[in-house]
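*Asks:* Mind having a look at this structure? Questions to follow.
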Amino acid sequence: MFLRLLFLQGVLNRRGMQNLGLADALGPVSAKLDPDGSNSLLLRHLSFFNCNPNFVPLIAGGILKLEQEKNAGKPVTDEDIERFKKALAGPVAAMGDMLFMGNLKALALTFGCLFAIHKLPIGLVAVFLLYNFTVLSCRLWGIFYGFAKGWELVTVLSGPRFRKILSVAEGASAGTGGALLGVLLHRVAEDSRALAAPGIATGAIVATAAVTLYTLKRDVPASWIAIILLPTCVFIALLTG
Amino acid sequence: MVWFVALALVGGALAVDHRAGWQGLLAHPVFASVLVGAILGEMNAALSAGLLVELVYLSILPMRGGRPADPVTSGVVGSGTAALLARQSPGADPAVVCAISVFLGLAGGELGARLTAPFFALHNRFLGSLEFPPDLDRRGLARRLSLVHLGSVVFIFAVEGLTVLLLGAAAFYAGSAVTRIAESAFVLGAAYWSALVLAIGVGSIVHLFWQHRFRHWLAALAGLVVILLWIV
């Protein structure tokens, strides 16, 4: 189940989003939860499902717990399980996006860039290992934690602890981002001094950074600016050189 | 040819991580460049190109609604071209090789996204149209789901691998042609451009982190590091 959840995004589709991936992940355990050989469990979990992939194991663990309780004769219905999925998927997706995409990944990429600037591939390998250890252990822990908590997950995830973790991650990634920004500013200043006309070069650099920021805020990819700039720079060099 | 196939295999594997897997960073250009550099034996050239491509893509994370053109193709083609050009012509100016490779990597990323988009749209439509007969037993349904999942992963690997093969080869031949005929004006233009790509990186970092409530940390750390580097 853990391995299948790792490749959950492979069957992402607009109609059901992660439904096929979740149902496939539940495949190996469905034999234990549906001992009569019926396909009802898998068919039920083919309904629409969308969440942050790093937190799907948490919900999958909770689903297993509820399915087990239902089989044991406790008052849990199919509708309850569907409600559980829907109640958690949205908020957990937002939390996961903020924590993993917005902060942990940004932090790891920033550290990666800092090591790359100083030509330290070993540092990049260390960042890679640390990030993957965090993500994979979080996913594995999610299955067990979700299974242990079941419905309680809703209360746990709405508590203050998550906000504290997010706050620490935000502070750390902003600080590291600042360090990278400082290194880049220093490098840019040195580069502009080495160019033929430092005054004009500094102006061009400040203008490029400002235009990049402006266009990114309007969802225009920075790669377009970079692609347009090379022929422009060569043209200017031809004129001036 | 062997190197292009190696790059294609790397591209396919990284695409699986990026599109199907747990997104373990390896698909990001700066990390992909370490792998490409280690395979091609030109770590410095690959890493320099990978870093610049990463700086351009840094602020575009999937959660912000946009997705970089195709970071896998960009990273592998950019760093792969840099490493192959450095191997082929050791006397060439490293800054020119880096500038050409980064440009080709970025262009490759844009082109790669447009080349693969119809295939992935078709894949998406196929997955969305799947219906499973209700009379299918549990084992049969589980097997079908597994086959669809496995098939999807193989499809992603194949599409991205072929894209990297095609664009990697094209980028290398274009890059070696430009390196051969590059004159002093081009060398100067490449130097200007490299400085401006760093400026794009500055814009990207500010965009990535400024919107958080810890922006004063960003400003304070940036100022501190600049002062420290100036003193050192």
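*Asks:* With charges set only on the Cβ (+1 for Lys and Arg, -1 for Asp and Glu), what does the dipole of the range A:161-241 come to about its Cα centre, in debye to the nearest 20?
*Replies:* So the dipole magnitude of the range A:161-241 works out to roughly 420 debye.
*Asks:* Which of the GluC sites (Glu not before Pro) across the range B:46-144 are loop residues per DSSP, with 12 or fewer other Cβ within 10 Å? Present the calculation step by step, with values, prior to reporting the outcome.
*Replies:* Numbers: sites: B:GLU54, B:GLU110, B:GLU131; in loops: B:GLU131.
Sparse-neighbourhood loop GluC sites (Glu not before Pro): B:GLU131.
*Asks:* Give the residue from B:VAL164, B:VAL202, B:ALA117 lying farthest towards the positive end of the charge dipole for the range B:2-231; charges sit on Cβ (+1 for Lys and Arg, -1 for Asp and Glu) and the dipole is referred to the Cα centre.
*Replies:* B:ALA117
*Asks:* While we're on this one: Taking θ as phi - 60°, what are the ³J(HN,Hα) couplings along the range B:221-232 by the Karplus curve (6.51, -1.76, 1.60), each to the nearest whole Hz, with x for Gly and Pro?
*Replies:* Couplings: 5, 4, x, 4, 5, 4, 4, 4, 5, 5, 5, 5 Hz.
*Asks:* Distance in nm between label sites at B:SER129 and B:ALA174, each 7 Å beyond Cα in the beta-carbon direction?
*Replies:* Output for this residue pair reads 3.4 nm.
*Asks:* Let me ask something else. Could you go through the range A:151-156 in sequence order and give the Karplus-derived ³J(HN,Hα) for each residue, using 6.51 cos²θ - 1.76 cosθ + 1.60 with θ = phi - 60°, rounded to whole Hz, and x for Gly and Pro?
*Replies:* Going residue by residue, I get 4, 4, 3, 4, 5, 4 Hz, with x marking Gly and Pro.
*Asks:* To the nearest 0.05, what FRET efficiency results for B:VAL187 and A:ALA126 with a Förster distance of 45 Å applied to their C-beta separation?
*Replies:* The pair B:VAL187/A:ALA126 has a calculated efficiency of 0.80.
*Asks:* In straight Cα distance, which aspartates and glutamates are under 16 Å from A:LYS164, not counting same-chain residues fewer than 8 positions off?
*Replies:* The reachable aspartates and glutamates, counting only those whose Cα sits under 16 Å from A:LYS164, are A:ASP97.
*Asks:* Ok, one more. Rg (Å, one decimal) plus Dmax (Å, integer) for the alpha carbons of chain A?
*Replies:* 24.4, 83
*Asks:* Would you calculate the separation in nanometres between label points at A:ASP80 and A:TYR145, each defined as 7 Å from the Cα along the Cα-to-beta-carbon direction?
*Replies:* That separation, rounded to one decimal, is 2.4 nm.
*Asks:* Using a basic spin-label model with each label point 7 Å from the Cα along Cα→Cβ, how many nm lie between B:ALA158 and A:SER158?
*Replies:* Reported label-point gap for B:ALA158 and A:SER158 is 4.7 nm.
*Asks:* Against the globular-protein guess of 2.2 N^0.38 Å, express the Cα radius of gyration of the protein assembly as shown as a ratio, rounded to two decimals. Each step should come with its number before you reach the end.
*Replies:* Working: Rg = 24.1 Å, N = 473, 2.2 N^0.38 = 22.8 Å.
So the Cα radius of gyration is 1.05 times the expected 2.2 N^0.38 Å.
*Asks:* Here's a follow-up. How would you rank A:THR212, A:THR77, going from fewest to most other Cβ atoms within 10 Å of each one's own Cβ?
*Replies:* A:THR77, A:THR212
*Asks:* Please report the spacing between the Cα centers of the range A:29-103 and the range B:147-187 in Å, no decimals.
*Replies:* 40 Å
*Asks:* Separate question: Kyte-Doolittle cut-off 0.0, length cut-off 30 Å along the helix's own axis using Cα: show which whole DSSP H helices in chain A pass.
*Replies:* The answer, listed by residue number, is A:121-149, A:160-194.
*Asks:* Would you kindly derive the ³J(HN,Hα) couplings of the range B:187-198 from the backbone phi angles with the Karplus curve 6.51 cos²θ - 1.76 cosθ + 1.60 (θ = phi - 60°), listing them in order in whole Hz, with x for Gly and Pro?
*Replies:* Computed from phi, the couplings for the range B:187-198 are 4, 5, x, 5, 5, 4, 4, 4, 5, 6, 5, 4 Hz.
*Asks:* In degrees, nearest 10, range 0 to 90: what is the angle between the Cα axis of helix B:2-15 and the longest Cα principal axis of chain B?
*Replies:* Approximately 70 degrees, to the nearest 10.
*Asks:* For A:ASP219 and B:VAL2, FRET efficiency with R0 = 51 Å and r from the beta-carbon atoms, rounded to 0.05? Let's see the in-between values first.
*Replies:* On the way: r = 40 Å, r/R0 = 0.79.
With a Förster radius of 51 Å, E is 0.80.
*Asks:* With charges only on Cβ, +1 for K and R and -1 for D and E, what is the dipole size of the protein assembly as shown about its Cα centre, in debye, rounded to 20?
*Replies:* 700 debye
*Asks:* Still on this structure: Residue separation times 0.36 nm, minus the C-alpha to C-alpha distance between A:PHE235 and A:ARG15: what's the value?
*Replies:* 74.4 nm is the gain from fully extending A:PHE235 to A:ARG15.
*Asks:* Pairs A:LYS85/A:LYS217; A:LYS86/A:LYS217; A:LYS74/A:LYS149: which are spaced more than 27 Å apart, C-alpha to C-alpha?
*Replies:* As for pairs spanning more than 27 Å Cα to Cα, those are A:LYS85/A:LYS217; A:LYS86/A:LYS217.
*Asks:* Taking neighbour Cβ counts within 10 Å as the exposure measure, how do A:ILE227, A:ILE63, A:ILE200 sort from fewest upward?
*Replies:* A:ILE200, A:ILE227, A:ILE63
*Asks:* Here is a further query. Going by how many other Cβ atoms sit within 10 Å of their own, how do B:PHE103, B:PHE126 line up, fewest first?
*Replies:* Lowest count first: B:PHE126, B:PHE103.
*Asks:* Using 1/(1 + (r/R0)^6) with R0 = 30 angstrom and r between the beta carbons of A:ALA87 and A:LYS32, what's the FRET efficiency to the nearest 0.05?
*Replies:* My answer for the efficiency is 0.75.
*Asks:* Sticking with this one: Assuming a ≥ b ≥ c are the square roots of the Cα gyration tensor eigenvalues, decide whether the range B:2-231 counts as rounded (a/c under 1.5), prolate (otherwise, with a/b larger than b/c) or oblate.
*Replies:* oblate
Taken together, the values in this text are just the output of simple stated rules run on the coordinates, not laboratory data. Computed from a predicted structure; not experimentally measured. Reconstructed Cβ throughout: ideal geometry from the backbone, glycine too, with neighbour counts over all protein chains shown.
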